[in-house]
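Have a look at the structure below before the remarks.
None of the figures in this text is laboratory data; all of them are computed from the coordinates on show. Source: prediction; values computed, not measured. We place every Cβ from the backbone using ideal geometry, glycine too, and count neighbours over all the protein chains shown.
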Amino acid sequence: MAKTLTKTIQSRTDNLLEVREFVMHAARRFGFSEEESSKIVLAVDEACTNVIKHAYQNAPDRSIQIDITHDRETFQVSVIDEGKSFNPNSAKMPDLKQHLSTFRRGGLGVYLMRTLMDKVEYNYSPGKRNEVRLIKYLTPSNSAARG
């Protein structure tokens, strides 16, 4: 049976530490290594940052809901907002060499999320709510801590 943990924050970057701790604690308890947990935390941090910057355009008083659901093999984090919707198909994969050579900051969020997680899904309903679902599977190499 799947279990769900929920946290809701205001859309300010100073609340991201609270989200990172919430996700890290849940990922470690689920059985991920420190390294795998850190990857999940980074992906969730990117998703929340995108919501703050793009969906809410830096409005500090909107809410972001983070739901963590897991069953025996799947760890899923949903980041839910009611801001401007985002079409993931409009995000091009960056040319990392060119990106790094110009010392740009930002713009790698979708790429990072797709690289760090096993699956990234977007559900959006314009005028309603948006959800980014970040999924990581517990593989035998990840589950050594669960033994």
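Take the residue pairs Lys53/Lys136; Lys3/Lys53; Lys84/Lys128; Lys53/Lys128; Lys3/Lys84; Lys53/Lys119 and return only those whose Cα atoms are more than 20 Å apart.
Details: Lys53/Lys136 25 Å; Lys3/Lys53 30 Å; Lys84/Lys128 9 Å; Lys53/Lys128 18 Å; Lys3/Lys84 29 Å; Lys53/Lys119 23 Å.
The answer is Lys53/Lys136; Lys3/Lys53; Lys3/Lys84; Lys53/Lys119.
Work out the FRET efficiency for Lys3 and Glu35 from their Cβ-Cβ distance, taking R0 = 22 Å, and round it to the nearest 0.05. Walk me through the intermediate numbers first.
On the way: r = 23 Å, r/R0 = 1.06.
With R0 = 22 Å, the Cβ-Cβ based efficiency is 0.40.
Within 10 Å of each residue's Cβ, count the other Cβ atoms and sort Leu17, Leu5, Leu134, Leu116 from fewest upward. Could you put the intermediate results ahead of the total?
Details: Leu17 10, Leu5 15, Leu134 24, Leu116 19.
Neighbour counts put them in this order, fewest first: Leu17, Leu5, Leu116, Leu134.
Counting other beta carbons within 10 Å of each residue's own, what order do Ser11, Ser125, Ser33 fall into, fewest first?
Going from sparsest to densest Cβ surroundings: Ser125, Ser33, Ser11.
List the aspartates and glutamates whose Cα sits under 13 Å from the Cα of Lys7, skipping any in the same chain fewer than 8 residues away.
Of all the aspartates and glutamates, those that pass the test against Lys7 - Cα under 13 Å, at least 8 places apart if same chain - are Glu18, Glu21, Asp67, Asp81.
Rank the residues Ile135, Ile68, Ile40 as a footprinting-exposure proxy: fewest other Cβ atoms within 10 Å of their Cβ go first. List each step's numbers first, then the result.
Working: Ile135 17, Ile68 22, Ile40 25.
Ascending Cβ contact count within 10 Å gives the list Ile135, Ile68, Ile40.
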